[in-house]
Amino acid sequence: MGSAEPEGTDWVAAVAAVRDRRDAAAFAALFRHFAPRIKGFLMKSGTAETTAEEVAQEVMATLWHKAHLFDPARASVATWIFTIARNRRIDAIRRARRPEPEELPWGPEAEPDQEEALAMQQETQRLGEAIARLPEKQKDLIERAYFGDLSHTEIAAATGLPLGTIKSRIRLALERLRHQMG
Amino acid sequence: MTTTIRHHLNDALLMAYAAGQLPEAFALVVASHVSLCDDCRARLESFEAVGGALLEETATAPMGAGSLAATMALIGRGPKDPIVPRYRRGAVLPAPLRDYVGGDVDAVVWRPVGNGVRQAILPTARDASARLLHIPPGAAVPHHGHRGLELTLVLQGAFRDGSERFGRGDVDVASEDVQHTPVAETGEPCICLAATDAPLRFSGLLPRLAQPFFRI
């Protein structure tokens, strides 16, 4: 946000183009938007520039290989990329293993509902706006939690966030998927 | 699969896991519980959405010249790790635990720790420890107090801790100053995953003597 580049479903369509057609132009657009953000995020978390550059490239390569695992009904593209970057950071910088939850047996749908995908992307954007409107002190606490400046015991103070709507939406998406496969 | 879970993870644990700030042993408990609990999966993914929102807002750092070409070359070398689905119907251990054990519950190498209780310590980073416990029906997990946080996730059978019952998928979050005595229910043996950031202090004499040898 605050950039001139298109937001929302455009990124969902770009990931789908990478998944379906190995579309290099769509990937380049994703790269231009997200790689500098991943690098900035990592550097803000205390990672040296050369490592941050390397990890950002690895994250974008993972996006290419795992495009078929992205579920736009449950996450925005930015959220999905955040989780890949987080896992790579733990792996490459903290040198610890990252236990990940079991995948859902049904996986993402081949053609997720457009409206649901759009709603999820917009919901994440609204969440970003809501965070931006928080009192400076609380916003700072949340940023420090995600940039690694708070220990897991200190994080409790940062948990009071307006997540009700987005959580219900994800919960519904999980339920609907389970129902369809049931 | 998830309808009977009554004891969940708290927001602090889910947020710390989403942010990538939990010690590995605790992250293993969170990943295992989330594998069994759609409610906590939805809460976790909403905390991950916070990470996504922060990533979108973060100040950018320009990528090096030729970085896109370098990334395309990286892609050409194929995925770093094989991408295989980690789902198996009917397994006792959820996928993240199977990754550590090298199989389901029949692959666990148990060691006796007294009173019929057996354990298997899992290889994690040393800032916290994780073990699987196998408790015979009706047996008590030896008394222990805490100096830190302890998470116990039930994978098979059930135990009672005071008036509370913990069955498959339930997670017991205990912190300092709690003196608790979980007792396995009669029926099948209780298998659980326990993680702690402080060594357990057993108040029974024998188990305490055994502590240095068994890493209880």
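The values are calculated or read from the model by the stated rules, or taken from the named source; none is laboratory data. Please read all numbers here as calculations on a predicted model, not as lab measurements. Positions of Cβ are backbone-derived with ideal geometry, glycine not excepted, and every protein chain shown enters the neighbour counts. Side chains included, ligands, DNA and RNA excluded: accessible areas come from the protein's heavy atoms. Shrake-Rupley method; radii C 1.70, N 1.55, O 1.52, S 1.80 Å.
Remarks
- The set of residues from the range A:59-70 being within 7 Å of chain B (Cβ to nearest Cβ), open to solvent by 10 Å² or more (accessible area, probe 1.4 Å) and either in a helix (DSSP H, G or I) or not charged (D, E, K, R) (or both) comprises A:W64, A:H65.
- Listed conditions (1) assigned to a loop (DSSP other than H, G, I, E, B); (2) in contact (Cβ under 8 Å) with a residue 40 or more places away in the chain; (3) out of contact with any Leu (no Cβ under 8 Å at 6 or more places or on another chain); (4) hydrophobic (A, V, I, L, M, F, W, C) are all met by A:A92, apart from (1).
- Residue match in the range B:58-78 (condition: open to solvent by 10 Å² or more (accessible area, probe 1.4 Å) and farther than 26 Å from A:E58 by Cβ): no
- Selection of the range A:128-148 for residues being touching a residue at least 40 places away in the same chain (Cβ under 8 Å) and open to solvent by 50 Å² or more (accessible area, probe 1.4 Å) yields only A:E129.
- Checked against the criterion of being among the small types (G, A, S), buried (at least 22 other Cβ atoms within 10 Å of the Cβ) and in contact (Cβ under 8 Å) with a residue 40 or more places away in the chain, the candidates B:A25, B:A42, B:A49, B:A18 yield just one match: B:A25.
- Any hit, the range B:42-56, residues being more than 7 Å from chain A (Cβ to nearest Cβ) and more than 22 Å from A:A78 (Cβ to Cβ): no
- Residue in the range A:42-49 that is of a type in the set (S, T, N, Q), in contact (Cβ under 8 Å) with a residue 40 or more places away in the chain and in a helix (DSSP H, G or I) present: no
Yes/no per residue for (1) open to solvent by less than 50 Å² (accessible area, probe 1.4 Å); (2) closer than 12 Å to B:C190 by Cα:
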| site | (1), (2) |
| --- | --- |
| B:P96 | yes, no |
| B:D99 | no, no |
| B:D104 | yes, no |
| B:W110 | yes, no |
| B:R118 | no, yes |
| B:D127 | no, no |
| B:L132 | yes, yes |
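- Single match in B:V154, B:V109, B:V92 (criterion: closer than 30 Å to A:L69 by Cβ, part of a loop (DSSP other than H, G, I, E, B) and in contact with a strand residue (DSSP E or B) (Cβ under 7 Å, 6 or more places away or on another chain)): B:V92
- Of the residues making up the range A:149-167, those that are small (G, A, S), facing chain B (nearest Cβ under 8 Å) and surrounded by fewer than 18 Cβ atoms within 10 Å (Cβ to Cβ) number 2.
- Filter result (facing chain A (nearest Cβ under 7 Å) and aliphatic (A, V, I, L, M)) within the range B:57-103: B:A59, B:A61, B:M63, B:L68, B:A70, B:L74, B:I75, B:I83, B:A95
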